[in-house]
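Enquirer: Just passing along the structure, written as C-alpha cells.
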Amino acid sequence: MKEYKGIGRMWHLYKLGGVTPAIASMLGSQKAQHMAYIRHANRHLRNPSMLDMPLAELEAAVFDLETTGFHPGSGDEIISFGAVLMRGEKAIEEGGSFYSLVNPGRAIPEHIQQLTGITDDMVKEAPPLVEVLRQFMAFVGKRLLIAHASGHDKKFLDAALWRTSRVNLNHRVLDTMMVAKWLEPGREDYGLDGLLSSNGIHLRRRHHALDDALMTGKLWEIYLKRMLERQVTTLGDLYAYLSQH
C-alpha cells in the first residue's frame, strides 16, 4: 500500500509539469524524457485556424499502423509505424517519410506474421513503444493526420498515448474512407485495395505500414484534386460536406 501511494504521488507531481527526479528514477531517465516530450508535444494541437487553411496548402501526415490484432484493450500491440508528409497534393520529398518497427513485448500471432511479414525475430531488437511514439510525434508535429479506415489506427494510437504518457490524441484525424464514400458513392467496397485499383494506383507491399501510408497518400492526392474541382477549398468545407454523407 505504501508503495502504491508513492507511485500515485509521483504521477501527481509528473502531471503538474516537468519530469521530477523521482519520476526519472522510477521509470528510467530516458523513458521519462520520452514521456515528457510526448506530453509537451500533445498540448494545444487542435488549432481551430486549421479549418480555414486552404486544402491546396494544408500540411498533413498520412500514416498507417500494423498491430498484433484489433483490440488494444485486450493486449494487442502496435508493431510498426509508417507515415509520409504532404503539403497540398504533393508529397514532401526530403525527410518526408517515417518508418519504424516496435518491440511489442509479446509474441506476434502467426497469421499477423504472415499478413505483415513482421516476425518475432524482426522486432526483438526494435525500440519500445514509448521511444517510437516520441519519434512519430516529433515527425508529424501539429499536422493533420490522415489514414484509411482510421478508426483502427486512431484507437491504437490513442491507447498508446494514454498508456505511455497519460494523454489523449489531440490531433485532427481525417479518414480517406469517408472521403471516398462522398466522392465515389454507390461502391460496394471501400477497402483500400479496391480504391487503389480503381484509381489506377500501383499496389506496393500491402500491410507494410510505410507502403500503405504512401499509397493512401496517393489516394489523398487524387481526391484532393477532385475536391478542389468541386470548389471545396478548406478543411472546414470538407468537414461540412462529410457531415452530410
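The values are calculated or read from the model by the stated rules, or taken from the named source; none is laboratory data. It should be emphasised that the depicted structure is a prediction, and the values quoted were computed from it without experimental measurement. Backbone-built Cβ (ideal geometry, glycine too); neighbour counts: all protein chains shown.
Enquirer: Filter region 162-195 down to the residues that are hydrophobic (A, V, I, L, M, F, W, C) and more than 11 Å from the chain's Cα centre (by Cα) and list them by number.
Expert: Trp162, Val167, Met177, Met178, Val179, Ala180, Trp182, Leu183, Leu192, Leu195, listed by residue number.
Enquirer: How about region 223-245: which of its residues are buried (at least 17 other Cβ atoms within 10 Å of the Cβ) and either of a type in the set (A, V, I, L, M, F, W, C) or within 16 Å of Val62 (Cα to Cα) (or both)?
Expert: Once the filter is applied, which keeps residues that are buried (at least 17 other Cβ atoms within 10 Å of the Cβ) and either of a type in the set (A, V, I, L, M, F, W, C) or within 16 Å of Val62 (Cα to Cα) (or both), region 223-245 yields Tyr223, Leu224, Met227, Val232, Leu235, Leu238.
Enquirer: Only one of Ala213, Ala209 is touching a helix residue (DSSP H, G or I) at 6+ places or on another chain (Cβ under 9 Å), under 17 Å from Ala91 (Cα atoms) and buried (at least 17 other Cβ atoms within 10 Å of the Cβ). Can you tell me which?
Expert: The unique qualifying residue is Ala209.
Enquirer: Do the conditions hold for Ala60, that is, is it among the small types (Gly, Ala, Ser), buried (at least 19 other Cβ atoms within 10 Å of the Cβ), at pLDDT 95 or above and in the same structural domain as Asp237 (by TED's automatic domain parsing)?
Expert: For Ala60, the condition - among the small types (Gly, Ala, Ser), buried (at least 19 other Cβ atoms within 10 Å of the Cβ), at pLDDT 95 or above and in the same structural domain as Asp237 (by TED's automatic domain parsing) - is met.
Enquirer: Can I ask one more? Just the residues that are under 19 Å from the mean Cα position of the chain (by Cα) and at negative phi, please, taken from region 91-111.
Expert: Within region 91-111, Ala91, Ile92, Gly96, Ser97, Phe98, Tyr99, Ser100, Leu101, Val102, Asn103, Pro104 qualify.
Enquirer: Out of region 147-196, which residues are among the small types (Gly, Ala, Ser) and closer than 20 Å to Gly236 by Cα?
Expert: Listed by number, the residues that qualify are Ala147, Ser150, Ala180.
Enquirer: How many of the residues in region 73-89 are hydrophobic (A, V, I, L, M, F, W, C), touching a Phe, Trp or Tyr at 6+ places or on another chain (Cβ under 7 Å) and more than 30 Å from Met53 (Cα to Cα)?
Expert: Counting residues in region 73-89 that are hydrophobic (A, V, I, L, M, F, W, C), touching a Phe, Trp or Tyr at 6+ places or on another chain (Cβ under 7 Å) and more than 30 Å from Met53 (Cα to Cα) gives 1.
Enquirer: For region 100-115, how many residues are surrounded by 16 or more Cβ atoms within 10 Å (Cβ to Cβ) and in contact (Cβ under 8 Å) with a residue 40 or more places away in the chain?
Expert: Selection size over region 100-115: 2.
Enquirer: Here are the criteria: (1) within 24 Å of Glu66 (Cβ to Cβ); (2) in contact with a helix residue (DSSP H, G or I) (Cβ under 6 Å, 6 or more places away or on another chain); (3) at pLDDT 95 or above. Tell me which single one Arg226 does not satisfy.
Expert: That leaves (1) as the condition not met.
Enquirer: Is there any pair linking a residue in region 223-245 that is farther than 14 Å from Leu183 by Cβ to one that is part of a helix (DSSP H, G or I) and of a type in the set (D, E, K, R), with Cβ under 6 Å and at least six apart or on different chains, and which?
Expert: As it stands, the answer is Thr234/Asp52, since those pairs meet every condition given.
Enquirer: Every residue in region 132-152 that is out of contact with any strand residue (DSSP E or B) (no Cβ under 6 Å at 6 or more places or on another chain) and within 18 Å of Pro72 (Cα to Cα), please.
Expert: Scanning region 132-152 gives Leu133, Ala149, Gly151, His152.
Enquirer: Would you call Arg226 of a type in the set (Lys, Arg), farther than 28 Å from Ile112 by Cα and assigned to a helix (DSSP H, G or I)?
Expert: Answer is yes for this residue.
Enquirer: If the requirement is being modelled with pLDDT under 95 and in the same structural domain as Leu174 (by TED's automatic domain parsing), which of these qualifies: Lys124, Lys31, Lys90?
Expert: From the options Lys124, Lys31, Lys90, the qualifying one is Lys90.
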